[in-house]
Structures are given as C-alpha cells and as structure tokens.
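Shown next, in structure tokens, is the structure this report addresses.
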Amino acid sequence: MPSPIEAVMVGAGNRGTLAYGAYARRLPWDLRFVAVAEPNDERRLRFASEHGIPPERQFRSWQELAERPQLAPALVNATMDRDHYPSTIAFLEAGYHVLLEKPMATTPEHCIALVETAHRHGRLLQIAHVLRYAPFFRTIYDLVHSGRLGEIVSLDWRENLSYYHFAHSFIRGNWANTERTSPMILTKCCHDLDLLVWILDRPCERLASFGSLTHFTPAKAPPGVPDRCLDGCPITDECPYFAPRIYLVTAHGGAFQHAVSPDPSPEAILEALRTGPYGRCVYHCDNTAVDHQVVLMEFAGQLAVSLTMQGCSHVEGRTVRIDGTRATLLANESRREIVVVDHATGDSETIRLGPPLGGHGGGDLGLIRAFVRAVRGERSDVLTSAQQAVESHLLAFAAEEARLTRTVVDLPAFRNRIGVSHVVASD
C-alpha cells in the first residue's frame, strides 16, 4: 500500500473540517494533513488537534504559510472567495498541487491567470466542482450522452435553495454581502453552470439574466422586530427565520449549526446567537446578495436553457427537466429520483438512487479521492481541472453583467473582451 499523500489545509472552517479533514480521519492511509493555516484560533487548534499537527506547523494566515518552504506536495485551499486568487498564485509558485474551493476567483481575469500559472509551473490545480462526482448528476450525464433522449431541444434547471440555507449563508453568513465575497450567481450557481457545461458539452453563445434582492431588506421588516432574534422579537412563533428554531430544531446537528458554534449544546448555540452574526434578524443584516435570479442561455445549436435560483424553497435540491426529440428526463435531487419518458411508447422508467455516501450527494468522496490520486500521478479521474472550470465561471460573470446592465451578452465577444478568444470545457 502506498504512503498517504501529505497535504496542508488552508482554511479550517466547515468545509475544511467536515469534508477534507473528515476524509483524512476516515482514510489516514490515503491522505494526511501535516500543517494548517487558519486565522480563527479555535478552529486552527481544533483542526491541529484532530490531525496531530505540531505547533510549528500551525499558521494564523495563508501569507505566513506562503513565506515558509514547501511543507507537503499537496494543499487544500478552503479560504474565503476573495483570498482564492492571491493565495493560490502564491502556493502554485511555491510548488504545491492545489485543490481549490469554488469559485476559483472573483474576476474572469484572475480565473485565466490561475490556469496560466498552474500550466507554467506544471502544477495540478483542481477546482471543487464537487457535483460532477455525485452519482445523481453523473447518471443525468450518462443518460444525455447515451443518446436516449435524442437531440436535446430545451433544458430547464432549478437551483432550489431552502429558506433556512439561504438565510444562513446569504443573509446572515459569509456570502451575504457581495462586496466582501462574490455575486450569488458565482458563489452558489457556478456549480449549476458547471454541470450545464459538462452535461451539454457545447459552448454557450449568448445569455440574459434577471434577478434582485426583493424581500430581505429593512423595508420589508414586520413592525417592531428588533435587530436580533433574541432581543424580544414579537413574531417568533410565526417567523420561519427565527434563528433559535433554525439552529436548535430545523438544522440541528448539521453543518449550519456547526458554523454557529462547534459546541453543539443548546447553551452554546444560544450564546452564539445572542452575540454572533447568525442571531441577527433577516431583515436587519448587511446582505446584498440577490434572493432570486434567472439566467436564460442559448447554447450552440440554438439550444435554449434556463437556470433559476431562488432562496425560498421548502426543500433543498435541484430539479431538472430535459426535453429531447425521443424522450423527456425529469430529475429531482432531493428525492434522488430520475424519470425518463419515451415519446414513441409513452413508457417511463424511474431510476432511484440510494442514500449518498458523504456530503454533496456523495460527490465529496469522489472529488477528494480524485485529487489524491492525481497528486500520485493518476490524473484520469480528475473531472474538474482549472481549465475545465473556467467556462462555467465565465458564464457566471457574463450573467451578472447581463443582470446589472439589462442586456443580452454575446459570449464570444465577452471572451474576446477579457482576453480569451476561446475557452474549452475540457483539457
């Protein structure tokens, strides 16, 4: 059995701890973390303790780590969005192979620069477009590419974000204010755009987009609600966004609760809600992310595609409809169910996938395993190289431009404008 791949963790938050760190704890013969960089003292010390990392290999910032000689062949970059570009450039130049959380960067120019830097230094740069590895979406991919649906005529894709997930991440949480992070269409829906690029395997030629923040503003606040849920809110029983209910009941025991407090006791959760960002009223935050957005796209061959993101769903999970000349595909991620209806016979087949193994519908396991194998030199399993990820990022940037300018964006012209005459979706 080969020795485990040694890696450095940069950003020991929820993703770093519950996905990558958990993988290394479950499969220590495959992946071992030997250093950590994390500005939050509690998170850094907890990660170091879980992985046996000595004090001299614990760093308070990615900059401090980057100043040191290379400590391992591999590095996982789970920092916040705006740190992705400068930190990844530094780590690629230092000699690391990098698994980078999405979005890979917050400008199209920086995305291209990351691809070029990785190529110039001969480094692996894999992007965490984890859903390409999820069995549910791989099944959709296989059905489309089998030809069973015939020629694809139209595709409707919905990213249904549960109301409490939206409140957690995009009103109260780290991705709420686009000036600190990125537009919603990039931070959340680059997953969806990446899946569309992957499944359709053809370029998008033009797009338009509409969306806004319409509800979660001070102007929509009910009369008398305070700035914080625990400061005597008069509508606690009727408000679905009442923070104690979300974190002690609705999202109990999950990653959202872990983000509020690593200590899962009710006392610790309530104390964090009294003082921390997750206890704020959803109508009195500094959020600027849109709460709904639609992107209308035309792919090569005049294929019409719609993507809808909305943050008020009763249940989490994407729903998909693909209409072809021979059959229609209907897919529901939350039910893990795919139905194919044949046009000629009217017969339908229902494909039910079992419970996922691990996070992101089972995609986390495939993503991390592919990265570890690629560092060993077996790169055939990598579905999400930086070059493959660029196209979906460009669609997100173009969609945000279309939304803000109320124009139809021509994608070939958009690529030329940012200095990329042609970007392919595969290596």
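With only Lys, Arg, Asp and Glu charged, each at its Cβ (+1 for the first two, -1 for the last two), find how big the charge dipole of segment 297-427 is about the Cα centre; round to the nearest 20 debye.
Once rounded to the nearest 20, the dipole reads 280 debye.
How much of the DSSP bridge set in the chain is antiparallel, in percent, rounded to the nearest 5?
Antiparallel bridges make up about 60 percent of those DSSP assigns within the chain.
Quote the charge dipole size of the chain about the Cα centre in Debye, to the nearest 20; the model charges only the Cβ of Lys and Arg (+1) and of Asp and Glu (-1).
400 debye
Given 25 °C and 0.890 mPa s, how large is the Stokes-Einstein diffusion coefficient of segment 288-427 in µm²/s, with Rh as the Kirkwood radius over Cα pairs?
So the translational diffusion coefficient is about 133 µm²/s.
Of F170, L125, T139, which is farthest on the positive side of the dipole of segment 89-226, counting Cα position, with +1 on Lys and Arg Cβ, -1 on Asp and Glu Cβ, and the Cα centre as origin?
F170
For segment 137-267, taking Cα atoms only, what is the radius of gyration to one decimal and the Dmax to the nearest whole Å?
19.6, 59
I'd like the GluC sites (Glu not before Pro) in segment 30-120 restricted to DSSP loop residues with at most 15 other Cβ atoms within 10 Å, sorted by number.
Passing both the DSSP loop test and the Cβ count: E67.
Which of the listed residues, L99, V34, V408, is farthest toward the dipole's positive end in the chain, when Lys, Arg count +1 and Asp, Glu count -1 at the beta-carbon?
Selected residue: V34.
Please identify the GluC sites (Glu not before Pro) of segment 144-205 that satisfy two criteria: DSSP loop assignment and at most 11 other Cβ atoms within 10 Å. Which are they?
When the GluC sites (Glu not before Pro) of segment 144-205 are filtered for loop state and at most 11 Cβ neighbours within 10 Å, E151, E179 remain.
With all protein chains present and a 1.4 Å probe, how do D381, D347, D237 order by accessible area, largest first?
Largest to smallest exposure gives the sequence D237, D347, D381.
About the Cα centre of segment 260-353, how large is the charge dipole given +1 on each Lys and Arg Cβ and -1 on each Asp and Glu Cβ? Please answer in debye to the nearest 20.
Computed charge dipole of segment 260-353: roughly 80 debye.
Bins of 10 Å, beginning at zero and ending with the bin holding the largest distance: percent of Cα pairs per bin for segment 261-334, please.
Using 10 Å bins, I get a P(r) of 13, 27, 27, 17, 12, 4 for segment 261-334.
Hey, if you put +1 on the Cβ of every Lys and Arg and -1 on every Asp and Glu Cβ in the chain, which of A344, Q387, A398 ends up farthest toward the positive end of that dipole?
So the residue furthest toward the plus end is Q387.
Of the GluC sites (Glu not before Pro) in segment 352-426, which ones lie in a loop per DSSP and count no more than 13 other C-beta atoms within 10 Å?
Qualifying residues, ordered by number: E378.
The values are calculated or read from the model by the stated rules, or taken from the named source; none is laboratory data. As the structure is a prediction and not an experimental result, all values here were calculated from the model. Virtual Cβ from ideal backbone geometry, glycine too; neighbours counted across all protein chains shown. When the accessible area is computed, the model is the full protein with side chains, heavy atoms only, and any ligands, DNA or RNA have been set aside. Shrake-Rupley method; radii C 1.70, N 1.55, O 1.52, S 1.80 Å.
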